[in-house]
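Some notes on the structure that comes next.
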Amino acid sequence: MVTRFGLTWWGKRWIGALEALGAVYANRLPRGRTYARQGRVTNLTVAAGRVTARVQGRRARPYRVTLTLPVFDDATWDSVLGALAGEVRHTAALLDGRMPDDVDDVLQTCGVSLFPRARELSTSCSCPDAANPCKHVAAVHYTLAQTFDDDPFLLPRLRGRDRDQLLAGLRAQRAGADEPTADAAADDAQIAVSDLIARDLFTARGPLDEIDLRPRPASDPTATLRRLGPPPAATAVEADLHDLATDAAALAWQILAGPGDSQ
């Protein structure tokens with residue numbers, strides 16, 4: 001059975017970056033692919049901004065291959081995590097170990113990409129071939145794409161955040177987004193626990209109709225829809241869903257508040 005590389009969309013994107021890099025020396029790519037299929041790439045290591053590997057060529061001593069890619073700084077990662085955490089489906093997919101199909105579109109709104117852009121990727125090999133990429137570098141690229149197929153979290157690791165750091169950052173962003181507002185916190189703090197009388201918790205203090213309810217209308221009925229992101233159904237129009245949510249919130253408030261009560 002022939003080994004295939006780039007079975008996932010992110011693996012295909014990485015091979016696409018390799019093919020763009022190797023356009024001048026296209027004959028090196030098939031040779032590199034053959035080397036990768038023959039298992040000549042060993043000791044592959046992915047770290048922040050750096051990939052290293054050994055490739056067994058015709059000589060007894062394996063060639064040393066290094067790929068380098070700029071890492072994102074902390075400010076950029078904060079923006080990326082904030083953008084990803086802004087949509088529940090992205091957070092849910094990543095926490096489930098999946099890479100969302102449009103994750104790089106989100107990163108591009110922050111001005112960056114998980115994948116190498118023009119002149120971002122640097123390569124070196126200890127072989128005497130002056131071509132870039134040489135067949136040894138190409139072999140590492142193909143093997144790396146296969147490795148990415150198995151573990152997509154190596155992509156953000158290459159840009160400076162490993163799986164644990166990425167997921168911890170997402171959880172922190174989500175926790176910050178879910179914190180109660182100052183008004184809600186003030187409302188909760190109006191009655192101290194020490195002021196409650198235990199017997200009042202188990203006895204009715206009057207007819208239910210006399211209980212003074214002071215509900216408030218939703219300040220932003222479409223907030224949850226925005227956090228969920230675009231609707232998955234091709235026929236659903238996001239603006240229409242927002243209108244429906246707004247109308248539903250208004251109707252719910254009207255029913256709850258009763259006739260003649262607009263406050």
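The values are calculated or read from the model by the stated rules, or taken from the named source; none is laboratory data. In this text, all values refer to a predicted model and were calculated from it rather than measured experimentally. Virtual Cβ from ideal backbone geometry, glycine too; neighbours counted across all protein chains shown.
When residue 76 is tested against (1) more than 24 Å from residue 52 (Cα to Cα); (2) at pLDDT below 95, just one condition goes unmet, and that condition is (2).
Just to be sure, is residue 123 in the same structural domain as residue 61 (by TED's automatic domain parsing) and touching a Ser or Thr at 6+ places or on another chain (Cβ under 8 Å)?
Yes, satisfied.
For the range 18-25, the criterion of being touching a Ser or Thr at 6+ places or on another chain (Cβ under 8 Å), assigned to a loop (DSSP other than H, G, I, E, B) and surrounded by 17 or more Cβ atoms within 10 Å (Cβ to Cβ) is met by none of the residues.
Return yes or no: is residue 156 within 19 Å of the chain's Cα centre (by Cα) and modelled with pLDDT under 90? It is false that residue 156 is within 19 Å of the chain's Cα centre (by Cα) and modelled with pLDDT under 90.
Could you please let me know if residue 32 is surrounded by fewer than 16 Cβ atoms within 10 Å (Cβ to Cβ) and not aromatic (Phe, Trp, Tyr)? The answer is no for residue 32. The strands (runs of 3 or more DSSP E) found wholly in the range 50-169 and carrying at least 2 residues that are surrounded by 22 or more Cβ atoms within 10 Å (Cβ to Cβ) and touching a residue at least 24 places away in the same chain (Cβ under 8 Å) occupy 50-55, 63-68. For residue 5, state whether it is touching a Phe, Trp or Tyr at 6+ places or on another chain (Cβ under 7 Å), surrounded by 20 or more Cβ atoms within 10 Å (Cβ to Cβ) and in a loop (DSSP other than H, G, I, E, B). In short, yes. When each of 118, 168 is tested for being of a type in the set (A, V, I, L, M, F, W, C) and at pLDDT 90 or above, the lone residue that passes is 168.
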